[in-house]
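A short worksheet on the structure shown next.
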Amino acid sequence: MTNTEFQDFLDQHDYELPKVGDIRTGVIVSVTPQSVVVDLGVKRDGLVSASDLSKLSQEDRDALKVNEEIPVYIVSTDEADSLEVSIHLAQLNQDWLDAEALVEKDEIIEAEIIGYNKGGAIVPFGRLRGFVPASHLTSLRRGMDNAERQQMLAKMRGEVIPVKIIEVDRRRRRLVLSQREAQKEWEQKRKEELLNKLNEGAVVTGRVSGLRDFGAFVDLGGADGLVHISEMAW
């Protein structure tokens, strides 16, 4: 086969053309405010649109440099001279993979409550939004009416809580987490870490969590200590 015939073959078959939904790693060859061009190792370059770039954080946009490798999601192969690709969707795909890995590992993470609805709390996971049902929040007791629940959820905004991911459904875009599943294990871990740090004679700061006739219980941030009444300064 001559060089001309081989090139004609490539033109006809578009050798190794990615399919819609594929994740491919390419090399950035051009960066402008309107678009990014990515060399994917095939005849057509990948084109990242301005609308896709607008979905990236400022930090991610600043990190886009010529000759740097980057994963992209194949959005469309319809154009004859380029492929429509997305950096944002590739990032979301990685977040879903990370969530699935945490389920497999049964691992605890910390998440900040950034919002709520009538059913529970909203927490971020990477670029995704996860949902913690009210029944899986330790601060919400059973039997609360809707108004009480909404007031409590409003107060919890900004609070960082330990959670486990208990459901990942990429097709339905469902990411469900549980504080109840994580709390007991989290408290035990914090207690062990605290006890390993404490030495006799060390001075630490705690919060009084209870008073009794014989003294005061002090929360040290993971374990409770007892200050006997004879040791209190009056």
Task: Members of segment 35-44 that are open to solvent by 40 Å² or more (accessible area, probe 1.4 Å) and at pLDDT below 95 - done: Gly41, Lys43
TODO: Select from segment 143-163 the residues that are among the basic types (Lys, Arg) and part of a loop (DSSP other than H, G, I, E, B) and list them in ascending order.
DONE: Arg157
- [ ] Tally the residues that are open to solvent by less than 50 Å² (accessible area, probe 1.4 Å), within 17 Å of the chain's Cα centre (by Cα) and closer than 21 Å to Ala101 by Cβ, restricting the search to segment 125-174.
- [x] 11
TODO: Test each condition in (1) within 15 Å of the chain's Cα centre (by Cα); (2) more than 18 Å from Lys19 (Cβ to Cβ) for Asn93 and report the one that comes out false.
DONE: (2)
- [ ] Identify, from the list Glu104, Glu112, the residue that is open to solvent by 60 Å² or more (accessible area, probe 1.4 Å), free of Cβ contacts under 8 Å to residues at least 60 places away in the same chain and farther than 30 Å from Asp22 by Cβ.
- [x] Glu112
Open item on the list: Any residue that is assigned to a strand (DSSP E or B) and farther than 30 Å from Lys184 by Cβ - is there at least one of those in segment 88-107?
Closed with: no
Open item on the list: Out of everything in segment 45-62 that is within 13 Å of Gln91 (Cα to Cα) and acidic (Asp, Glu), what residue ends up being most open to solvent (accessible area, probe 1.4 Å)?
Closed with: Asp60
TODO: Would you be able to say whether some residue in segment 75-82 is in contact (Cβ under 8 Å) with a residue 24 or more places away in the chain, in a loop (DSSP other than H, G, I, E, B) and under 30 Å from Asp169 (Cα atoms)?
DONE: yes
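The values are calculated or read from the model by the stated rules, or taken from the named source; none is laboratory data. These figures come from a predicted structure and were not determined experimentally. For neighbour counting, all protein chains shown are included, and Cβ atoms are generated from backbone atoms with ideal geometry for every residue, glycine included. Only protein heavy atoms, including side chains, enter the accessible area calculation; ligands, DNA and RNA are left aside. Shrake-Rupley method; radii C 1.70, N 1.55, O 1.52, S 1.80 Å.
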